């Protein structure tokens, strides 16, 4: 079947499937596998310690696939500078960047004379409208079901996506609660031009930076196995439920301030769980779709399965 949409045309990919930024997890192995399988893989720039480390990851992807890929910038990380990393992306000729968190206006200004497709992750209709006005080529719309950082309004994907579709003219990519061909087709029914998946791509063989403890936790998780942390800080984010996140919630209930919480919500605490498998001293981001994950396929197997599911649905209903 033909899967051509405005997103496949914009990004020059076979299937309208985008891999999420995935802090501390989205490196060359995963990005290349997704792109090679027909989607858009992404490297996470702000998780890397230097411009040369980013350059190395970009060149690894180029060695593993000739297909387009992107680089994600989580620019909302406490004002950390990103221009030196963006210079590398420009120098290496990467064709797609995505922006998560923060105000994308300065980021876009930096790229004003560069021929590069710009995607922005949003969690509210007003953010999508703003992103379009600033020059975004497409928006990725994450509903309340998603993993990691979310919007403050607790709006689910089924409601949020069509609202954004009606509010903007640029392509819309649906995110949050999508992990198979059924979710993919549902997104198209809502008017989206494509989908973004994060949590489901963690539970794949090519996500080599994710410890087996983390992957096993995703396999064992139920749809109720995640919690929202950091809500008291105005930055709600969804993670797997464990001892560490329960401790965070207790502190938040006691009106703890950022200084009291920073040890618990830090990138180091995140890495202790996802990289080292220490479930007693760290946490892992995950969306509610974790309750639907029951295996760890290769990326190619996952996307092929999704295509088969989606084609079955299309042939039945269209």
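Legend: calculated FRET efficiency, residue 113 to residue 50, from the Cβ-Cβ distance at R0 = 35 Å, rounded to 0.05, equals 0.90. With both partners inside the chain, how many of the DSSP beta bridges are antiparallel, as a percent to the nearest 5? Within the chain, antiparallel bridges account for around 20 percent of the total.
The calculated FRET efficiency for residue 205 paired with residue 169, based on their beta-carbon distance and R0 = 41 Å, is about 0.60. Working from Cα pairs under 8 Å separated by at least six residues, relative contact order for the chain is 16 percent.
Extension gain for residue 312-residue 212 works out to 32.8 nm (0.36 nm per residue, less the C-alpha to C-alpha distance).
Springs join every pair of Cα atoms under 10 Å in this Gaussian network model of the chain, and among 244, 285, 184 the largest mean-square fluctuation is at 244. With the simple spin-label model, which puts each label point 7 Å out from Cα in the Cβ direction, the residue 254 to residue 66 separation comes to 6.0 nm. Over region 188-260, Cα pairs under 8 Å with separation of 6+ residues give a relative contact order of 19 percent. Estimated from helical segments only, the mean residue ellipticity of the chain at 222 nm is -12000 deg cm²/dmol, where each DSSP H run of four or more residues counts as -39500 (n - 2.57).
Stretching the chain fully between residue 298 and residue 280 yields a gain of 3.6 nm (0.36 nm per residue, less the alpha carbon separation). In this simple spin-label approximation, residue 87 and residue 133 carry label points 7 Å from Cα along the Cα→Cβ vector, and these lie 3.3 nm apart. The fewest-to-most ranking of 112, 230, 60 by surrounding Cβ atoms within 10 Å reads 112, 60, 230. Listed by Cβ neighbour count within 10 Å, with the fewest neighbours leading, 275, 144, 84 appear as 84, 275, 144. Here the gap between residue 4 and residue 231, fully extended at 0.36 nm per residue and compared with their Cα-Cα distance, gives a gain of 77.9 nm.
Rule-based calculations on the coordinates, nothing more; no lab input. Please read all numbers here as calculations on a predicted model, not as lab measurements. When we count neighbours, we look across all protein chains shown, and the Cβ atoms used for this are built from the backbone with ideal geometry, even at glycine.
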